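Trainee: The structure is given below, and queries will be raised subsequently.
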Amino acid sequence: MRVRVYRSLARGLMAGMFKPGEAVSLRTLAHHLGTSAMPVREAVSRLIAERALVLLPNRSVIVPRMSRARFNELTKTRQILEGRVTEAACARATPALLRELSEINEAMKRCVTVDDFHGALTHNMAFHFTLYRAAGNPVVLPLIEMLWLQAGPFLALSLTTPGVRWTARHHQAVLAGLRASLPPVARRAIEADIEDTSVQLLKKAIFEDANDVAAPENHPML
């Protein structure tokens, strides 16, 4: 149960189901997940340790807001690690992997067309992690997951921030690199995919100063 609850919350954060600054209520999460408060409390504590959530002095828990400096650091680190595992996955790519990634990508594009933001983000995450798992690198993958936990809620704004255009067009270049067995091409495409969203958000999104985190009202952790 503890593992299931943690994975559900982690997937939600990575797929942008929570917004930066949003308060997290243990009671609400326990009700939504159909469990008691204890496994939710343990999962939230783990996510706080992983910097995906923040415990405030008043014992409230929120999704951390994003500063410009932190976002830049997350972006650059993601490019290094995700580019590396994409190269490794390209060297091990199979026709079955290409079919799966193509199907996920098409499903994601359909969601974008009908403004199904949650579906689009979920399929985008599935595309990336299906690719990364194919690399067979159990050391780097958890590091990438931790970065997505921290960046996911803010990256989700790329679908709803005015002036930000989100198409995930670089996925096609990733697939082309995999088909041609050209690891550097696939790596550069993933790096460009990360860069594209980052540049747009840096221009259009609202960032918070690292110390400007106000406590929400009426959302106690306990």
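The values are calculated or read from the model by the stated rules, or taken from the named source; none is laboratory data. For clarity, every value in this text was computed on a predicted model and none was experimentally measured. Ideal geometry is used to build each Cβ from the backbone, glycine not excepted, and the neighbour counts take in all protein chains shown. Calculation scope for accessible area: heavy atoms of the full protein, side chains included, ligands and nucleic acids excluded. Shrake-Rupley method; radii C 1.70, N 1.55, O 1.52, S 1.80 Å.
Here is a yes/no grid of residues against (1) surrounded by fewer than 20 Cβ atoms within 10 Å (Cβ to Cβ); (2) among the hydroxyl-bearing types (Ser, Thr, Tyr); (3) under 18 Å from the mean Cα position of the chain (by Cα):
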residue	(1), (2), (3)
Val3	yes, no, no
Ser8	yes, yes, yes
Met14	no, no, yes
Lys19	yes, no, yes
Arg27	yes, no, no
Leu33	yes, no, no
Met38	yes, no, no
Ala43	no, no, yes
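Trainee: Considering each residue of the stretch 145-183, count those that are open to solvent by 30 Å² or more (accessible area, probe 1.4 Å), modelled with pLDDT under 85 and over 17 Å from the mean Cα position of the chain (by Cα), and give that number.
Mentor: Here the count works out to 3.
Trainee: Further, regarding this structure: Go through the stretch 11-43 and give me each residue that's part of a helix (DSSP H, G or I) and within 17 Å of Arg65 (Cα to Cα).
Mentor: Correct list: Gly12, Leu13, Met14.
Trainee: Being touching a Gly at 6+ places or on another chain (Cβ under 9 Å), among the small types (Gly, Ala, Ser) and closer than 30 Å to Ala180 by Cβ is the filter here; which residues of the stretch 50-88 pass it?
Mentor: Within the stretch 50-88, Ala88 is the sole residue that qualifies.
Trainee: Please name all residue pairs, on different chains or six or more residues apart, with Cβ atoms under 7 Å, provided the first residue is in the stretch 47-70 and is more than 13 Å from Leu147 (Cα to Cα) and the second residue is at pLDDT below 95 and of a type in the set (S, T, N, Q).
Mentor: none
Trainee: All but one of (1) assigned to a helix (DSSP H, G or I); (2) among the aliphatic types (A, V, I, L, M); (3) surrounded by fewer than 20 Cβ atoms within 10 Å (Cβ to Cβ) hold for Ala186, so report the exception by its number.
Mentor: Going through the list (1) assigned to a helix (DSSP H, G or I); (2) among the aliphatic types (A, V, I, L, M); (3) surrounded by fewer than 20 Cβ atoms within 10 Å (Cβ to Cβ), Ala186 breaks only (3).
Trainee: Give me the pairs, please: first residue somewhere in the stretch 27-41 and in contact (Cβ under 8 Å) with a residue 24 or more places away in the chain, second residue anywhere and surrounded by 13 or more Cβ atoms within 10 Å (Cβ to Cβ) and of a type in the set (D, E, K, R), beta-carbon distance under 6 Å, and either six or more positions apart or on two chains.
Mentor: Listed pairs, sorted by first residue: Pro39/Arg2.
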